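For reference, the structure discussed in these notes is given below.
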Amino acid sequence: HYQNVITRRDEAALFQRLGVTEIPGIGTTVNVPYDNEADGEFVVATETQEFDDDAPATGRRQLTFKKYAKIIRISHELLRDEDSRLEAFLANWVGRGMAKTHNDLLITEVETNGTALKTFASATAVAVGELEDMMFQADMVSYLDGGSANWVMSGPSYSKVISAVGDARSYAQTPQGAIRESILGFPVHFTNKADTIAASKKSIFFGDWSQVGVRNGQGLQMIRDPYTRARYGQIELVYLFDCVYGVLNAEAIGYGTHPSA
């Protein structure tokens, strides 16, 4: 055997790159308070008039762990005979699977609890001006300078977006001939867990990702079990981790969606 396994490249976990807020805590559930007040302006007070009695509204988001796990069974013969650093490959393979699981949970949470920033006119394209509508949506503009505003989409969706040209300009910024993955000055990150542009799909995500929370347990745990399958001549590698995502401020994060046809 060649002394390695030629691995494929998969996407990396996005939550740290995007600036998702890591929520510490002990136990299965942590309650995260959040500001739920839409106004807060002062009111004119005339002489002898009672002052406006006001207080902020708050909400509470519960982040409850779910456990994600898998088992890999390996025979003693395979471990004895192979010469391709199988266990090192498995560690890499499991890590990539964990990253893809994180991205799936993150995108699903924003699809479920984020804001619909824009319904695109076309079921199969994004037109010039529609991404500006998402970025400059009335509430979203307050979050553009927070440092964690980013676009997230699939590679094929980005390809379609940067092909859109209007008013003699393109969304693709190409200094010195090299594409820099950004749109309207904000970075673009890729995941295949975001739907590609198509009818009824939520394909483009944008916002301040620090307004999303993630709880991680004790990281990826691995149990090497030589007993359970001993009579079959196998060992079990058990992998598990605890995780939960939650949108903490829906007006700060959202998506663009396509009509059904």
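On the first, second and third principal axes, largest extent first, how far apart are the outermost C-alpha atoms of segment 176-261 in Å?
59, 39, 31
Rounded to the nearest 10 degrees, what's the angle between the helix 86-113 long axis and the longest principal axis of the chain, both from Cα atoms, 0 to 90?
20
Of the residues Tyr158, Tyr239, Tyr143, which exhibits the maximal mean-square fluctuation in a Gaussian network model of the chain defined by a 10 Å Cα contact cut-off?
In this elastic network of the chain, the residue with the biggest mean-square fluctuation among Tyr158, Tyr239, Tyr143 is Tyr239.
Give me the 1.4 Å probe accessible area per residue for segment 189-257, excluding ligands and nucleic acids, in Å².
In whole numbers, segment 189-257 has 41 Å² accessible per residue.
Scan around Ser84 for amide H atoms under 5 Å from its own, H built in the peptide plane at 1.01 Å from N, and keep only partners 5 or more places away or cross-chain.
none
Rounded to the nearest percent, how much of the accessible area of the chain (1.4 Å probe, protein heavy atoms only) is carbon and sulfur?
49
In a GNM of the chain with a 10 Å cut-off on Cα contacts, which of Asp225, Asp133, Asp195 has the highest mean-square fluctuation?
Among Asp225, Asp133, Asp195, the largest mean-square fluctuation in the Gaussian network model of the chain belongs to Asp225.
Residue-wise, which Karplus ³J(HN,Hα) couplings in Hz belong to segment 191-202, taking 6.51 cos²θ - 1.76 cosθ + 1.60, θ = phi - 60°, and x for glycine or proline?
8, 6, 7, 7, 5, 6, 3, 6, 4, 6, 9, 9
Taking only Cα atoms of the chain, what ratio of Rg to Rh do you get with Rh as the Kirkwood inverse-distance radius?
Looking at the chain, the ratio lands at 1.10.
Ignoring everything except DSSP H segments at least 4 long, calculate the 222 nm mean residue ellipticity for the chain; use -39,500 (n - 2.57) per segment, divide by total residues, nearest 500.
-6000 deg cm²/dmol
Keeping every protein chain present and rolling a 1.4 Å probe, give me the accessible area per residue for segment 77-127 in Å².
Here the residues of segment 77-127 average 48 Å² of exposed surface.
On a straight-distance basis, which aspartates and glutamates could pair with Lys118 in a cross-link, Cα separation under 14 angstrom, same-chain partners fewer than 8 positions away excluded?
Straight-line reach from Lys118, under 14 Å: Glu130, Glu132, Asp133, Asp139, Glu251.
Between Arg224 and Asp139, what length in nm is gained on full extension when 0.36 nm per residue of separation is reduced by their alpha carbon distance?
So the chain would gain 25.6 nm between Arg224 and Asp139.
Measuring from label point to label point, each 7 Å out along Cα→Cβ, what is the Ala55 to Ala127 span in nm?
With each label placed 7 Å out from Cα toward Cβ, I get 4.8 nm.
Output the relative contact order of the chain, whole-number percent, from Cα pairs under 8 angstrom with separation of 6+ residues.
Value for the chain: 30 percent.
Would you please put 105-113, 28-36 in order of how densely packed they are, using the mean number of other Cβ atoms within 10 angstrom per residue and starting with the highest?
Peptide ranking by packing, descending: 105-113, 28-36.
Rule-of-thumb check for segment 1-115: C-alpha Rg over 2.2 N^0.38 Å?
The reported ratio for this selection is 1.90.
Could you give the length gained on full extension between Phe89 and Ala12, defined as 0.36 nm per residue of separation minus the Cα-Cα distance, in nm?
26.1 nm
Can you work out ³J(HN,Hα) from phi for every residue in segment 141-157, in order, using Karplus 6.51 cos²θ - 1.76 cosθ + 1.60 and θ = phi - 60°, giving whole Hz and x for Gly and Pro?
4, 6, 10, 6, 9, x, x, 10, 7, 8, 9, 9, 6, 7, x, x, 5
Over 21 Å between Cα atoms, which of Lys70/Lys201; Lys100/Lys160; Lys67/Lys100; Lys67/Lys202 qualify?
Pairs exceeding 21 Å: Lys70/Lys201; Lys100/Lys160; Lys67/Lys202.
Which of Lys67, Lys201, Lys160 moves the most in a Gaussian network model of the chain with Cα springs under 10 Å?
Lys67
The values are calculated or read from the model by the stated rules, or taken from the named source; none is laboratory data. All figures in this text were calculated on a predicted structure; none of them were measured in a lab. Cβ coordinates were reconstructed from backbone atoms using ideal geometry, including for glycine residues, and neighbour counts include every protein chain displayed. Side chains included, ligands, DNA and RNA excluded: accessible areas come from the protein's heavy atoms. Shrake-Rupley method; radii C 1.70, N 1.55, O 1.52, S 1.80 Å.
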